[in-house]
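The values are calculated or read from the model by the stated rules, or taken from the named source; none is laboratory data. Keep in mind it's a predicted model, so treat the numbers as computed, not measured. Note: ideal-geometry Cβ built from the backbone for every residue, glycine included; neighbour counts use all protein chains shown.
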Amino acid sequence: MARCICRSVSDKIESSDNVPHPWSGQPEREAERIFARTYPAIDAWFQPYREALIKRYDQGKYFWELRACAYWQEFEQPKIAWGNLAQQPQFAFAAPGVYVNAPAVLLSLKATICSVF
């Protein structure tokens, strides 16, 4: 089996381009105030990293959001994962809601799974 560093995530702060948030469409300063009231612990944890988060390339509409992504729902499905640089076939099953925290390829498994004989 492939070794994957995985973690389960119950909630994520997707881009305002993907889902509406209380701060969606607000000017930057007002959006940040709303975010701080909505998620005070996350906002406090982000503060020491604020400047680096603002400068980061891969972000959503606001620095605390994940980048816009058309396939987030695929991460919520059962999937097969394998490493980008595997030298031999090594695959792992990743349950719904498990995110692979490494360069990897994912094959989402839909409700119908076909067997080949």
Exercise. For segment 67-76, does any single residue satisfy the condition of being assigned to a helix (DSSP H, G or I), among the acidic types (Asp, Glu) and farther than 21 Å from residue 17 by Cβ?
Worked result: no
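Here is a yes/no grid of residues against (1) surrounded by 15 or more Cβ atoms within 10 Å (Cβ to Cβ); (2) under 21 Å from residue 14 (Cβ atoms); (3) polar (S, T, N, Q); (4) in contact (Cβ under 8 Å) with a residue 40 or more places away in the chain:
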site: 48; (1), (2), (3), (4): no, no, no, no
site: 60; (1), (2), (3), (4): yes, yes, no, yes
site: 75; (1), (2), (3), (4): yes, yes, no, no
site: 87; (1), (2), (3), (4): no, no, yes, no
site: 94; (1), (2), (3), (4): yes, yes, no, yes
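Quick one: would you say residue 52 is part of a helix (DSSP H, G or I), more than 29 Å from residue 105 (Cα to Cα) and not β-branched (Val, Ile, Thr)?
Working: part of a helix (DSSP H, G or I): yes; more than 29 Å from residue 105 (Cα to Cα): no; not β-branched (Val, Ile, Thr): yes.
The answer is no for residue 52.
Yes or no, residue by residue, for (1) at pLDDT 85 or above; (2) more than 17 Å from the chain's Cα centre (by Cα); (3) surrounded by fewer than 16 Cβ atoms within 10 Å (Cβ to Cβ); (4) not in a loop (DSSP other than H, G, I, E, B):
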{"site": "17", "(1), (2), (3), (4)": "yes, no, yes, no"}
{"site": "21", "(1), (2), (3), (4)": "yes, no, no, no"}
{"site": "29", "(1), (2), (3), (4)": "yes, yes, yes, yes"}
{"site": "33", "(1), (2), (3), (4)": "yes, yes, yes, yes"}
{"site": "43", "(1), (2), (3), (4)": "yes, yes, no, yes"}
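Does residue 104 fit the bill of being surrounded by 14 or more Cβ atoms within 10 Å (Cβ to Cβ), modelled with pLDDT of 95 or more and not polar (S, T, N, Q)? Give the steps one after another, and end with the answer.
Working: surrounded by 14 or more Cβ atoms within 10 Å (Cβ to Cβ): yes; modelled with pLDDT of 95 or more: no; not polar (S, T, N, Q): yes.
So residue 104 fails the test.
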